[in-house]
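These notes concern the structure reproduced below.
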Amino acid sequence: MPTTIPSDWSTLGTTWLVGAIAAGVLVGLVMLLWGRLFHRALLVLLAAGVGLALGGRFGPQIAVSAWLAQLASAVTLGVLALVLARLAWSVLAGLHTSVMAVVVVAVWVLGVSLAATQPATGTGPAEYLRTVQQDARALWANHALAANLTAILAGLSGAVAAFLLPRATVICMTSVLGAALLLTAGGLIVATWFPDLLADPLASNRTVLAGLIGGVLLLGLLFQMIGEIRARRKAAARADEARPQNTATAKSS
């Protein structure tokens, strides 16, 4: 194990950590650049994973073997995710919009100071997540009405807009997911093998961090939008080429 791994990550092991980073980078790149092509596969995998977890937990409670319950729930949720992909992405987009709106309102409108944006030097992931949870609970305890209204209205608006614009939603959401996975993998690499870079954390480097996040996200959005435009132009060109042939066939008959 590298000696620089934070203490609350020590149980992962080098092999599992490297595997998790490699998987995050691979899936992140695919989602960031080609998510519009593989978004259904991602939903099926996520739904099947949820089905495996639920089946293993509830199978014994209904007198069904765990593996059979896991198989049935994984297949069922996977098929539902494949059929209802548009609805699933709309719900995910609504949840994402809701969270982002609450954060924006909390920081810029209510003036809430989020401690999670200024973690102490050397803070590990477990302590960081606990800080985030404490901030969220404090926000809802002190500004429950504003937070709930913001979350509900923003979530509903985002879900409706996403349902009406499915292709744009897929591009945006897969780009966000891909950027998040890549940045998470990069964070693991830095925190594990280059901890000195975290000596002065987000407090004084927010602009750099925001620029990095925005740049990666913008790259994915532009790449996928250009690919979508080219695909539509090719489809339109093929349709135009097919029209004269169809007309000629109809006249000859």
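Only one of the numbered conditions (1) at pLDDT 90 or above; (2) in contact with a Pro (Cβ under 7 Å, 6 or more places away or on another chain) is violated by VAL27, and that is (2).
Taken over segment 23-70, the residue count meeting the criterion of being touching a helix residue (DSSP H, G or I) at 6+ places or on another chain (Cβ under 8 Å), of a type in the set (D, E, K, R) and farther than 30 Å from ILE226 by Cβ is 0. Going through segment 30-70 one residue at a time, which ones are modelled with pLDDT of 90 or more and aromatic (Phe, Trp, Tyr)? Once the filter is applied, which keeps residues that are modelled with pLDDT of 90 or more and aromatic (Phe, Trp, Tyr), segment 30-70 yields TRP34, PHE38. Taking the criterion of being among the polar types (S, T, N, Q) and either over 28 Å from LEU84 (Cα atoms) or surrounded by 14 or more Cβ atoms within 10 Å (Cβ to Cβ) (or both), the residues of segment 129-169 that qualify are THR131, GLN133, GLN134, ASN142, THR150, SER157, THR169. Just one of the listed residues (GLY78, GLY94) is assigned to a helix (DSSP H, G or I), of a type outside the set (A, V, I, L, M, F, W, C) and over 15 Å from LEU42 (Cβ atoms), namely GLY94.
The values are calculated or read from the model by the stated rules, or taken from the named source; none is laboratory data. Keep in mind the model is a prediction, meaning the values are calculated, not measured. Cβ: placed from backbone, ideal geometry, glycine included. Neighbour counts: every protein chain shown.
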